[in-house]
Amino acid sequence: MQRLTVAGRLLITALILAAIYFGFKYIGGVDLLKKLSSKEKTEQSADSPTMPSGSSESTEETASSSASDTEATDEGGSRSTFNYTPPAPENGKLKGVVELGASGFNSFIINVDPKKNWKLEKAEFGNSLVLENMATDQDIREGLKKYIAQMLNFGVAGRDIHFVVSSGAVKADNTQKIIRALKSLNYVVNTVTPEQEGKLALRSVLPKDFESNAFVVDIGSGNTKISWKDGGQTKALESYGAKYFQNGDDDAKVYDEVKAKAEEVPSGNRKTCFIIGGVPFELAKQVRNGKERYTVLNAPAAYKATEAKTKAGVNIYKAIADGTNCDQFVFDWDANFTIGYLLTL
């Protein structure tokens, strides 16, 4: 090798490399290298994040939008959503209201501004103070003091706490005990008629943007209120409540009367119905999407109720739907007729 010239050495080296190449190819080495190279690229591709193309991103947005606009129901149909955001209060103050019923309290604290824009800050339902260790008038007084203290601690001024008795509970003995106790604590207790209750429900539930094409329904235990705006004036009707079965009233009879009342809603106000009340609350729970404020109820036929009150409430709901042919019933999770009272102050 030492006697070879530089050119000779290079030639021999080239021949050796060529022999190795063809020998390796012959036994499949090159193909193996390609496979290894291909596998390495595949693993790198899997480990590295990829950006979606414009068309795929658009497709995903379309699918997401479609999913937010409709939801599957028990019957395999679709449920539309109600996309509306009420105006937020500016420079508002806290006000509280307690709804008095025969079996307990519902309380609401709102932030409301001078333009009557409001936002629910806190709500409590079904506080059965009368039935829980409150046998005497003194028990009720002490219980009410604790209850009022909770609202004061939240930041509501004492003069901004109000008490309202629902029209269905005003005659109950337990309610009268509470009224006497509150008066002894120097609080004013406001009673309302069914017509007033319907108007107050409309005040809290019906957005101004919908006054010309919507109506309001409040299905309570003792009565149902139907209300709407007519030339700037509020009209309200009353009919059976969801506990009508306790009085032995027939389903068909109740259906016919409620349907007849619903038919009085002007045709121009039947595009959307804003609905509240105990039974609508139970129906809305079954189809609510997350923490949305507005939930569109399924059609009455989609609900298979077994509990007596819910079954009666669905019968009322069906009568209103059939009487108005309104196909969009929107439950408002924040509204209550007592909040409507606060908005009148």
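The values are calculated or read from the model by the stated rules, or taken from the named source; none is laboratory data. All values derive from a computational prediction rather than experimental measurement. As a convention, Cβ positions derive from the backbone with ideal geometry for all residues, glycine included, and neighbour counts pool all protein chains shown. Only protein heavy atoms, including side chains, enter the accessible area calculation; ligands, DNA and RNA are left aside. Shrake-Rupley method; radii C 1.70, N 1.55, O 1.52, S 1.80 Å.
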Response to the item:
Note to self: with every protein chain in place and a 1.4 Å probe, the stretch 180-270 gives an accessible area per residue in Å² of 48 Å²
Discussion item. Could you work out how much longer the chain between Y187 and D137 gets when fully extended? Use 0.36 nm per residue separation minus the Cα distance between them, nm to one decimal.
Written reply: 16.4 nm
Worksheet item: Short version: what are the Cα gyration tensor semi-axes of the stretch 292-345, square root of 5 times each eigenvalue, largest first, in whole Å?
Response: 24, 14, 12
Worksheet item: In debye to the nearest 20, how big a dipole does the stretch 230-338 give about its Cα centre with +1 on each Lys and Arg Cβ and -1 on each Asp and Glu Cβ?
Response: 360 debye
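At a threshold of 8 angstrom on Cα-Cα distance, excluding pairs fewer than six apart, so keeping six or more, what relative contact order does the stretch 120-275 reach in percent?
18 percent
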